[in-house]
Each structure stands twice: as structure tokens, then as C-alpha cells.
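Only one structure is covered here, and it is reproduced in the block below.
Read the figures in this text as sums done on the coordinates, not as results from a lab. Because the structure is predicted, anything quoted here is derived from the model rather than measured. Here the Cβ is made from the backbone with ideal geometry for all residues, glycine too, and neighbour counts use every protein chain on show.
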Amino acid sequence: MVFLAGEPESGYHFAMATLIIQEGPHGQVGRRFELDKVPAVVGRDQGVEISLPSQLVSRRHARIHCRDGQFLVEDLGSRNGVLINGERISGLTAFTHNDEVRITDFVLALEGPDADNLVDDDAVVRLLGIRDQAGVRLVKSNVGLGAGPLVAAWPVRQ
């Protein structure tokens, strides 16, 4: 099941996977990047979604996508490349929480919900708000998420 954070009035979002730095320069290990907005660019530039401060990392080194419930990474023509489990990638390459993604001196790992719970980049989610007799708001998505439609519920404030 996909969990929602907050209520519709507060601008909720889907709980998403997180990319964690497992190895890297001093002070970088343990940094976390929520993958709630993909595609996400990885690079040393301050303006990218996932900034890795190292001169070995290209300004725009790689891009992370989520398609059909699967995370993918692509090298954006960097000098030092992207490796998954020690193998240099070319083109869009899938990765899971079992894989190590290496970008120069950084090793990144995926943590979070199962791939079946992730929404495609291009999916449009229409949520229908319904109140049941007990005052609980129910929300259901008509988008297929692999494990069936998304359903969430929370108490309605009076």
C-alpha cells in the first residue's frame, strides 16, 4: 500500500523511496534524498535535485527516473560514468534497493517502498474524496499501481 502524508488540503504527496549516501567524502555519508519528484538530476551543481559536492562529479552527472514502478538511472555524458554493482552503465538502467549505484567516490543505495507502490512519471492521479458515515475521508485512485488501486483513509477534522 502507498501511504499518504497529510490531508488533501495541506498538499499531500505519495511517500516515496529515498536515495542514501552509503559511502562518500567526509560529512556526506548518511545524507538522504527523497525521490518524490522524478526525474531527478544528480550532479555537483547546487541547482540539481541531488547535489554531490565533489570535483569528480560532473555538474549534471546522471538522471534518475521512475517508470512503470521501476527506478532507472542514466549517465548524462559524465567523464567518470555511473556504475551499478561495479558495472559501468550505458543508457537507462534499472536499479533496486539491492543495488549499489556508484557516482565517482559516492555509493548510493535505494531505500523505501516496494516498486509496486510507485507511480509512473507520466501517470495522472485523480483522487476522489468521499466521506463515510463515521466521518472518515476515503480517497481512491483509479491509476493502476501494480498492486491494485491506491486507497487511503484518515479522520475528517470537524
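Points worth noting:
- Cβ-based net charge around GLN22, under 15 Å, with every Lys or Arg adding one and every Asp or Glu removing one: -2
- Taking 0.36 nm per residue of separation and subtracting the Cα-Cα distance, full extension of the segment from ARG31 to SER90 would add 18.6 nm.
- Top positive-direction residue, dipole computed over segment 58-117 with Cβ charges, set GLY112, SER58, LEU92: SER58
- Under the shape rule built on the C-alpha gyration tensor, where the axes satisfy a ≥ b ≥ c, segment 55-113 is prolate, since a/c reaches at least 1.5 and a/b is greater than b/c.
- Using θ = phi - 60° and Karplus 6.51 cos²θ - 1.76 cosθ + 1.60, couplings along segment 49-57 (whole Hz; Gly, Pro as x): 5, 10, 8, 10, x, 7, 5, 6, 8
- SER51 sits among other residues whose Cβ lies under 15 Å from its own Cβ, and their net charge, with Lys and Arg +1 and Asp and Glu -1, is +3.
- Residues GLN46 and ASP99, FRET efficiency given R0 of 22 Å [Cβ-Cβ distance, rounded to 0.05]: 0.25
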